[in-house]
Amino acid sequence: MNKKIINIILLILISIAFFSCEEKPDPPEVEQHIVVNFDFRNNGEDQEFDTMMYVNEAGNHYMVNEIQFFISDVILHNSNGSEFLIDDWKDIHYVDTDVPATHKWVVFDNIPAGEYDNISFTFGFIEEKNHSFMFPNPPERDMFWPEFLGGGYHYMKLNGKWLDDNQQISPFDFHMGIGQIYYSYPDSIIDFVHNAYEVVLPNSSFDLEENSTKNISFIMNIEKWFESPHTYDHNIWKGYIMQNQEAMNVACENGHDVFTVEF
Amino acid sequence: MSKKDYIRIFLLLLISISLSKSIQSQFITNIKGKVLDINSNNVISDVNIIISPDNIQTTTNQNGEFIFHDIKNGSYTLIFTHISYFEKTEKIKINENEILILEVYLKRKIRYLQEFEIIKSTEKDNHPIKIESISKLELLKSPNQDIAKTLQSKPNISVIRKGGTNVDPVIRGFKSTQLNVTIDGGIKIEGGCPNRMDPAISHIDINDVEKIEILKGPYALKYGANFGGVINIKRKKPLRYSTFKTDVTAIKRFESNWNGNKEHLSISGGNKDFYFLLSGNRSKYGDYKTGNGEKINSELSKYNYSAMAGFTPFKDHNLTFSFDRSYGRNISFPALPMDERTDDTKVYSFNYSGNFQNKTFNKVNLKIYHSEVDHLMDNKNRSFSDTVVAISAINAKNFGYRAATEINIGKGNLIFGTDFENIKKDGDRNKFFILQPNLPVKNEKLWDDAQITNFGIFTEYSQKFKNTNLIFSMRLDQNTASSNVLELKNMMGIPMYYNPDVNSEFTNFSFSAGVNHDLSKEISVGFALGRGVRSPDMTERYIILLPIGYDDYDYLGNPELKPEANNELDLELKYKNKTRGNIIFSTFFSYVTDYISAESVPPSIIKPQTAWVVGVKEFINIDHVYLYGFEFLYSSPQINNFGINFNASITKGINPSATKYIIENNQVIDSEVVKNDPLQEIPPFESNFSAYYKFFDNRIIPEIDIRFVAAQNDFSEAFEEQKTPGFIIAGFKCNFKYNDNLQIITGVNNVFDKAYYEHLNRKIIGSSQALFEPGRVVYINLVLNI
């Protein structure tokens, strides 16, 4: 009798245990994202466009009309020594002062939570990624760098005007891309220089918590293009530098500290 | 569908049934009979029989039999007519409670012998495999001169329109190479354009066609690998006479709206030993106006010439050679990134048919063919050609054969054979960057010496019992594919994309079985089950970045695709009544495994190469999708010279788990899974109603038709489709047969000049606006036979 009771109790217990075993739902997927905003400043203030209100370190009075540029291969450097390359969906981002939609990059990648020491990116594109005609549509399409000058795309177009030595307002195309080494200018090009460079953003450490989205602002401080380590004088380099590797080299070296970051 | 739509359909049904009921007779006796050839004693099908003075008519079936129900007592004249026989009249008298049984013999006007093809078993009555056909007369009466567009008169057949012509057929949601388009039951053409501006069906002129057969489902396996259906275009053949004789046919067609002119001339002749057919066609159309007056770039110019010649070395053994050269020039496709500049197509074929008149060993048929398409297209008429002019040139070849034998096994009929198809495709796109100094040119391969070979063996067994037809069919395909590596190079010749794994080989097994059973003299039921396997096609395997889908993406081939398989079940109910009319209801369910679809590829892996597109999609297999739907047809009896037809159909397609990309400010920011996403490019519910009246012994037959298409609210989110509004259009046509030599067919399509577009019409390139259909078109065909 006891055995029977024990068996019944066991059966009931097993049944309860069996039916109470609900299938556990999949744990919710943990996702962390970043949103990169792009901002433009000049001497700490928001950049004003189309007004001759700025003076650079060389004493040039100048204005900025528009800026277009590419950054690529953004890397988040984790404090544990690992690196996270943003390329799940796209690895190149285009920014255009005339296209507000480009000022915000909602990054597709699911980024591991953790502490990050800094952020770096390539200004422009490395040689292996700078393919001619890879952008068939505007506005990126219109950043093409002429084939005979090395092809691919401009890293940046910073277009503006300055008050030249003759007190005339002259346009400058502060354009960066593939440079050329000339045997005899302008016809005999013997080599090309890929001027893209890595930017390591200062003070860019941040924590990314689980299931969070981090807003990060990349700020281009425009005056810095013209002041350190080289004083850039428009009266020396004139308005057009696409075929002047020396000028572009100055721009590249000045460009290492152009960007800052805010969270 | 809205409530209004249901009410409209219900009213149409009600009108159909009430009209048919109103023309039912109140007679009380019967006439039965059989019509035979006076010389051969063979039965004659399709003989038209009219009872005068009541003008009730019927036609003989495949066994030469005819029947009249409930004829009143009295004296009548029966008039027997057939295109190949002299007319005959028989006077009869019907007495009360008498069933009159007649045997009528007709004499041939001329004796001619047609070649046969081993496809006979599919033409039987109550065949378990669903077969629909479009006759020469229907083609002439059609308001459209695109062969595929004429198929739209059948339920659950739609077309994808990208321009004024060369529309691409869709049957029950299956399209492109999911359909087996074959010419004369074995000849294949591989279109040149990756965007299917020249599908195989567009390379044949409608005036060279005698009949089109449509076999829905994966059941007919003897024409080649079949996944979703077969379209068999039967070309005109030379007539063979006992003594040498020639026929001349001339057709002149004009269409208003787009100033369309089309001409056809053919000369056919021969005797019992030698026969020939020479044919030529020319078409020139301008831009058409939509119902809202908008002009659509749709101009086209086409011409072709063909010749067919054969001889009979021995009695019942025929050898036929044929070639067809066709040319397309400046054909506009406003919904594609390019227009066709030139298209030169050659089709050569050889056919042998032997009839052994043996009790067991019946027939042998061999076809060998070669077709080649040189296709040139460019974007010079597109707005984005102001920065980049792109010119593509593609060469597509198809060589193959089909050999079949038919034997009798007991009461059954067995067909077995083999077929072979070798497709070669190669093409380039040259992009001229006209914004830049020195006009740099970038060369890209679209296909790089790609090749697909398919070798198949097939068999089909059919047997007819007293009330039951059975058919079994199967085929085995060995499919191999190769290409040069898939790569996209930059201007320096360095690969930006590289895929060396390009070869694949598959062995595919397909089978089908069907049964049709007569439950009574009036009701029959059919059931079919089949599995059709299709290896990926040339585009799905090897295309290198071209926008070929409905959405704005460049597509990338995937050599590692697996074959997709359609597992389909069909059920058909037929009700045939001489006084109430005929009703056919068909329903189907398809479970497709390894369905070939496409998914987005990030620009970090590969970037699009075509202006205006937003990204790249690569072909992939998805686990499964399913499609289902029905077709309903009603045709009234032709009583008192009046008749009506009605059909309605719908297909639904479901992808249980699709990936949708979330786009904000032109950036992909996330993706999500859409459960039960409708498949893309599936047409909505549609119904057609037509009514005709036959005047003066069938010499004048006016006909009105109304086409109702519901809004398509089941659209694919993953493929960024949009809802399409419904529409109703009306048409009118009239067939006037002046005598045996002259026939005039005229009509008006879209009588009320309605502005509308089909769900499957592509968008005008670079916009979200759909390509509208033509507005009102008045057309006339003059047909002269000498």
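Bear in mind these aren't lab numbers, they're just calculated from the coordinates by the rules spelled out. Predicted, not measured: the structure shown is a model, and the values here were computed from it. Glycine also receives a Cβ, built like all others from the backbone with ideal geometry; neighbour counts cover every protein chain displayed.
General observations
- Residue-span extension gain [B:Leu573 to B:Ala711] - 0.36 nm each, minus C-alpha spacing: 46.9 nm
- Links that overshoot a 20 Å alpha carbon limit, given the list A:Lys214/B:Lys675; B:Lys188/B:Lys346; B:Lys34/B:Lys245: A:Lys214/B:Lys675; B:Lys34/B:Lys245
- Modelled label reach - B:Lys411, point 7 Å along Cα→Cβ, segment B:61-79 residues with backbone N closer than 18 Å: B:63
- Tail beyond 16 Å, pair distance distribution of segment B:424-500 (Cα, percent): 70
- Length released on extending from B:Thr507 to B:Ser133, taking residue separation times 0.36 nm less the Cα-Cα span: 131.5 nm
- Positive-pole candidate from B:Met377, B:Ile201, B:Val625, dipole of the protein assembly as shown, charges at beta carbon: B:Ile201
- Paired Rg and Dmax values of segment B:331-429, which use every Cα atom, in angstrom: 22.1, 71
- Here the ratio of the Cα radius of gyration of segment B:28-106 to 2.2 N^0.38 Å is 1.03.
- Given their separation in residues at 0.36 nm each and the Cα-Cα distance between them, B:Ser242 and B:Phe311 gain 23.5 nm when the chain is fully extended.
- Here the relative contact order of segment B:28-106, from alpha carbon pairs under 8 Å that lie six or more residues apart, stands at 39 percent.
- Put in line by how crowded their Cβ is, counting other Cβ atoms within 10 Å and starting with the fewest, B:Lys562, B:Lys363 read B:Lys562, B:Lys363.
- Spin-label pair B:Glu672/A:His230, simplified geometry with 7 Å Cα→Cβ offset, distance in nm: 5.1
- Helix B:3-22 and the longest principal axis of the Cα set of chain B meet at an angle near 20°.
- Charge dipole (Cα centre; +1 on Lys/Arg Cβ, -1 on Asp/Glu Cβ; no other charges) of segment B:206-364 amounts to roughly 560 debye.
- For B:Lys737, a cut-off of 17 angstrom between C-alpha atoms picks up these lysines, skipping any fewer than 8 places away in its own chain: B:Lys136, B:Lys141, B:Lys252, B:Lys694.
- For segment B:435-527, trypsin sites (Lys or Arg not before Pro) are listed when DSSP marks them as loop and at most 12 other Cβ atoms sit within 10 Å of their Cβ; the list is B:Lys466, B:Lys521.
- Placing unit charges on the Cβ atoms only, positive for Lys and Arg and negative for Asp and Glu, gives segment A:33-262 a dipole magnitude near 400 debye about its Cα centre.
- Residues B:Leu439, B:Leu137, B:Leu545 arranged by fewest to most Cβ contacts within 10 Å: B:Leu439, B:Leu137, B:Leu545
- Rounded to two decimals, the Cα-based Rg/Rh of segment B:120-785, with Kirkwood Rh, is 0.95.
- Longest site-free stretch - chain B; sites: chymotrypsin sites (Phe, Trp or Tyr not before Pro), DSSP loop, at most 13 other Cβ within 10 Å: B:1-243
- Placing pseudo-labels 7 Å out from each Cα toward the beta carbon at B:Phe254 and A:Ile169 gives an inter-label distance of 6.5 nm.
- Theoretical FRET efficiency, 1/(1+(r/R0)^6), r = Cβ-Cβ of B:Phe585 and A:Asp39, R0 56 Å, to 0.05: 0.25
- Listed pairs B:Lys154/B:Lys284; B:Lys162/B:Lys289; B:Lys211/B:Lys464 exceeding 23 Å between Cα atoms: B:Lys154/B:Lys284; B:Lys211/B:Lys464
- Proximal aspartates and glutamates relative to B:Lys32, as straight alpha-carbon distance under 20 Å, when same-chain residues fewer than 8 apart are discounted: B:Asp46, B:Asp54, B:Glu65, B:Asp70, B:Glu87, B:Glu90, B:Glu96, B:Glu98, B:Glu103, B:Asp125, B:Asp518, B:Glu522
- Taking Lys and Arg as +1 and Asp and Glu as -1, the other residues whose beta-carbon sits under 12 Å from that of A:Phe192 total -3.
- Taking a ≥ b ≥ c as the square roots of the eigenvalues of the Cα gyration tensor, segment B:683-742 is prolate, since a/c reaches 1.5 or more and a/b is larger than b/c.
- Charge dipole (segment B:28-106, unit charges on Cβ, about Cα centre) - positive-most of B:Leu36, B:Leu78, B:Phe66: B:Leu78
- Across chain A, the mean sequence separation of Cα contacts (distance under 8 Å, 6 or more residues apart), normalised by length, yields a relative contact order of 23 percent.
- Burial ordering of B:Asp677, A:Asp173, fewest other beta-carbon atoms within 10 Å first: A:Asp173, B:Asp677
- Dipole moment magnitude, nearest 20 debye, the protein assembly as shown about Cα centre, only Lys, Arg, Asp, Glu C-beta charged: 8940
- Residues of segment A:222-263 with amide N under 11 Å of the 7 Å Cα→Cβ point at A:Tyr185: A:237-238, A:240-248
- B:Val778/B:Tyr327 FRET efficiency (R0 35 Å; Cβ-Cβ; nearest 0.05): 0.80
- Dimensions of the protein assembly as shown from C-alpha coordinates, computed as largest minus smallest value along each principal axis and given longest first, are 120, 102, 53 Å.
- Extending 7 Å from Cα along the Cβ direction at A:Glu66 and again at B:Phe356 yields two label points whose distance is 7.9 nm.
- Using C-alpha pairs under 8 Å with a sequence gap of at least 6, the mean separation divided by the residue count of chain B gives a relative contact order of 11 percent.
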